[in-house]
Amino acid sequence: MIPTPTVPDNGLINGKNNFDCSKAPPGSKCVDNTGLAKFEFVQNKKYRLRIINTSAFSAFFFSIDKHEMEVIEADGSYTKRNKIHRLPINVAQRYSVIVTANQPADNYIMRSEFQKNCMPAAAASLPIMKAIVHYEGTPDDLEPKDNPWSDSLTECVDLDHKTLQPLEEEKIPEPTKKLELKIAFHKNATGVVKAFLNESSYIPDINFPTLDKIFKGKSFNEPSANAYVFDKAGEVVDIYFINTSIGEHPFHIHGFQFWVLGTGNGTKVDEDDLNTHNPIKRDTATIPALGWIAIRFISDNPGWHLESGLLMQLITLPDEILKMHPPKEWTKLCELDNKEYKRQTAELEKKYMGNLSNQPFITIAKDLLYSICKSSHSQNNKRKTIGKFTDIPSQYINLLNPHKYEHMYDPENSFVIINNKNKGSIVGVFDYTELYAYLEMHHPTLLAL
């Protein structure tokens, strides 16, 4: 079981596409036939198109009617020319293709089609994204004919990596370390569906963030940190990802390119079929549904790197990180001016006093997204009880007496507000996601109530 993603209403090429406004929600500001993006071609010239999938979830097939494309680059790595008609491109992937304007002067359809087998059933009615390739000398108002390529391609997988060869051959080093990580989605102890790597779901330590631990020489003992340390310079790492879920996953590592050694179906990597001779090097690849991918990279970039949205942390060369000496300003990014803090306190008092009984405390599952700013802010204890209320999650436990305290949830600002019934004053204002993460890590039984 995996969380069901939201289905988009439409797709765009360079910010444009038409939309059937009869399908728009009531009250929407929708305009029919707003026009398509146009690309000007001159006959017999060659064009390099840089294609980027900037969507959050959707994979596409990109093509131009009656025009072949030659792939020359994938995610910043130049490749030998590879002729194709339709290009599969997943989230965050980038390709460069060469298109020759070798057709009769006319208008042609450029199209990007949703790969609907990778999406919920509601995606079946999504339209094709279109743009116009306009040859010089062709009337602007000439309607392009519909001539899509008929190639049948497998959805939810990358362009075959065996056909993507580096422009210059590269002998890759042998691995010095191997990891096998199993991807799964299921409910945690509180009933929330989450992603797991080797049965560990990442939980951010908001009171002691990763970089702070590195600078203070602390270890990563919590399984929920999903932290893997590579402390040897030039270490060559193979990672096999086994995907047991029914959805494919675009995969990347911040700060690294990696060699794609192979992909396949099932839960066992076919090591005899891995390409270790001249594989493509890129930074985003698709782990197929109910399948696997094998990658190799060199641990040569000191830092703290997050892999994918699932999520694991790669701590590479921690001794080199210690030499970086972060500036003092790093821990001051989120400090509020005292006057500003008092102003916000006054606004909260005005907004909520006398209206608390009408606002129930709501527990809802939310994604846990945290910035270094917020984490360092908490760890360095910069937020203190100022004025009339606290916002430190660890102090929430002291405010659970229902006879003394009243709780409510502010969905507009994502705050949990605690009122002292006896004194008629606000004693706690907590960021919901931060509080939820703290309780999940330290008091998970409270979330199951």
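The values are calculated or read from the model by the stated rules, or taken from the named source; none is laboratory data. The shown structure was predicted, so the numbers you read here are calculated from the model rather than taken from an experiment. Using ideal geometry, Cβ is built from the backbone for each residue, glycine included, and neighbour counts are taken over all protein chains shown.
Could you look through the range 56-113, keep only residues that are under 19 Å from the mean Cα position of the chain (by Cα) and among the charged types (D, E, K, R), and pick out the one that is nearest to ALA37 (Cα to Cα)? Filtering first and then ranking leaves ARG94. Report whether or not VAL260 is assigned to a strand (DSSP E or B), within 23 Å of GLY76 (Cβ to Cβ) and either touching a Pro at 6+ places or on another chain (Cβ under 6 Å) or not acidic (Asp, Glu) (or both). So VAL260 fits the description; yes. Residues that are closer than 17 Å to HIS85 by Cβ and touching a strand residue (DSSP E or B) at 6+ places or on another chain (Cβ under 6 Å) within the range 102-128 comprise TYR108, ILE109, MET110, ARG111, SER112, GLU113, ILE128, listed in sequence order. Among the residues of the range 424-438, those that are modelled with pLDDT under 80 and on the phi < 0 side of the Ramachandran plot comprise ASP431, TYR432, THR433, GLU434, TYR436, ALA437, TYR438. Within the range 395-423, if we keep just the residues that are in contact with a helix residue (DSSP H, G or I) (Cβ under 7 Å, 6 or more places away or on another chain) and among the polar types (S, T, N, Q), the residue that is modelled with the highest pLDDT turns out to be ASN419. Scanning the range 44-54 for residues that are under 25 Å from PRO250 (Cα atoms) and part of a loop (DSSP other than H, G, I, E, B) gives ASN53, THR54. If I ask for residues that are in a loop (DSSP other than H, G, I, E, B) and either crowded, with 18+ Cβ neighbours inside 10 Å or hydrophobic (A, V, I, L, M, F, W, C) (or both), which ones from the range 156-187 would you list? Passing the criteria: CYS156, VAL157, ASP158, LEU159, LEU164, LEU167, ILE172. Tell me which residues, restricted to the range 220-252, are assigned to a strand (DSSP E or B) and more than 17 Å from HIS161 (Cβ to Cβ). Scanning the range 220-252 gives ALA227, TYR228, VAL229, PHE230, GLU235, VAL236, VAL237, ILE242.
Give me the residue from the range 199-223 that is free of Cβ contacts under 8 Å to residues at least 60 places away in the same chain and under 20 Å from the mean Cα position of the chain (by Cα) and, out of that set, surrounded by the fewest Cβ atoms within 10 Å (Cβ to Cβ). If we take residues in the range 199-223 being free of Cβ contacts under 8 Å to residues at least 60 places away in the same chain and under 20 Å from the mean Cα position of the chain (by Cα), then SER200 is surrounded by the fewest Cβ atoms within 10 Å (Cβ to Cβ). So which of PHE19, PHE61, PHE39, PHE57 ends up being out of contact with any helix residue (DSSP H, G or I) (no Cβ under 9 Å at 6 or more places or on another chain), assigned to a loop (DSSP other than H, G, I, E, B) and among the aromatic types (Phe, Trp, Tyr)? PHE19 is the lone residue from the list that is out of contact with any helix residue (DSSP H, G or I) (no Cβ under 9 Å at 6 or more places or on another chain), assigned to a loop (DSSP other than H, G, I, E, B) and among the aromatic types (Phe, Trp, Tyr).
Yes/no per residue for (1) within 18 Å of the chain's Cα centre (by Cα); (2) modelled with pLDDT of 95 or more:
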| site | (1), (2) |
| --- | --- |
| ASP231 | no, no |
| LYS268 | no, yes |
| LEU274 | no, yes |
| THR284 | yes, yes |
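Taking the criterion of being farther than 20 Å from LYS323 by Cβ and of a type outside the set (A, V, I, L, M), the residues of the range 221-237 that qualify are ASN221, GLU222, PRO223, SER224, ASN226, TYR228. Of the candidates LYS38, LYS46, the single residue that is touching a Ser or Thr at 6+ places or on another chain (Cβ under 8 Å), surrounded by fewer than 20 Cβ atoms within 10 Å (Cβ to Cβ), at pLDDT 95 or above and of a type in the set (Lys, Arg) is LYS46. It is to be established whether one or more residues within the range 198-214 are of a type in the set (Asp, Glu), at pLDDT 80 or above and touching a Ser or Thr at 6+ places or on another chain (Cβ under 8 Å). Within the range 198-214, one or more residues are of a type in the set (Asp, Glu), at pLDDT 80 or above and touching a Ser or Thr at 6+ places or on another chain (Cβ under 8 Å).
When the range 89-136 is limited to residues that are touching a residue at least 40 places away in the same chain (Cβ under 8 Å) and of a type in the set (D, E, K, R), the one that is farthest from GLU70 (Cα to Cα) turns out to be GLU136.
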